[in-house]
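Trainee: The structure that follows is given in the form of structure tokens.
The values are calculated or read from the model by the stated rules, or taken from the named source; none is laboratory data. No experiment lies behind these values; they were computed from the predicted model shown. Ideal geometry is used to build each Cβ from the backbone, glycine not excepted, and the neighbour counts take in all protein chains shown. Heads up: the accessible areas ignore ligands, DNA and RNA and are worked out on the full protein's heavy atoms, side chains in. Shrake-Rupley method; radii C 1.70, N 1.55, O 1.52, S 1.80 Å.
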Amino acid sequence: MRAIATDKAPAAVGPYSQGMIHNGILFASGQIPINPETGVIEAKTIEEQTHQVCKNIAAMLEAAGSDYSKVIKTTCFLADIADFAAFNEVYAQYFTGKPARSCVAVKDIPKGCLCEIEITAAVEE
């Protein structure tokens, strides 16, 4: 296994890595809308937060030698299921290959975020 890390995505906020690669598959930790340049959540709306999360995912994919076209599966967490349609509008701009997905509403997301996305993707090793 090989850990990946990039300063173009938020650093882990706990005892975990940004992602691990094993047998050509990236297992990425969930990304929340922290701006990696400032270390804070600047986005306020579900749309803004989803864009920041997807930018963070792009940085993780790049660090792993992959891209959005190789995402196999996503797991999406929403703080409010009422944001589902707005979240999907932004999500669809990035995940154009339509990977398998689960999307659930949860009670709380770290740091009071409105959304979090984790991915599994193929990588070239």
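Let's see how each residue does on (1) open to solvent by less than 20 Å² (accessible area, probe 1.4 Å); (2) farther than 26 Å from His22 by Cα:
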site	(1), (2)
Ile41	no, yes
Ile46	yes, yes
Asn56	yes, no
Leu61	yes, no
Gly65	no, no
Lys70	no, no
Ile81	no, yes
Ala100	no, no
Pro110	no, yes
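Trainee: Continuing with the same structure: Taking the options Tyr16, Tyr94, Tyr68, name whichever one is in contact with a Cys (Cβ under 6 Å, 6 or more places away or on another chain) and on the phi < 0 side of the Ramachandran plot. Break it down stepwise before answering.
Mentor: Details: Tyr16 fails: in contact with a Cys (Cβ under 6 Å, 6 or more places away or on another chain); Tyr68 fails: in contact with a Cys (Cβ under 6 Å, 6 or more places away or on another chain).
After applying the criteria, what remains is Tyr94.
Trainee: Also, quick follow-up: Within the group Glu89, Glu118, Glu37, which residue is in contact with a Ser or Thr (Cβ under 9 Å, 6 or more places away or on another chain) and either under 18 Å from Thr6 (Cβ atoms) or open to solvent by less than 10 Å² (accessible area, probe 1.4 Å) (or both)?
Mentor: None of the others qualify; the one that does is Glu118.
Trainee: Mind checking which pairs have a first residue in region 95-114 that is of a type in the set (Ser, Thr, Tyr) and a second that is loosely packed, with under 10 Cβ neighbours inside 10 Å, Cβ under 8 Å, 6 or more apart or different chains?
Mentor: Sorted first by the residue in region 95-114, then by its partner, the list stays empty.
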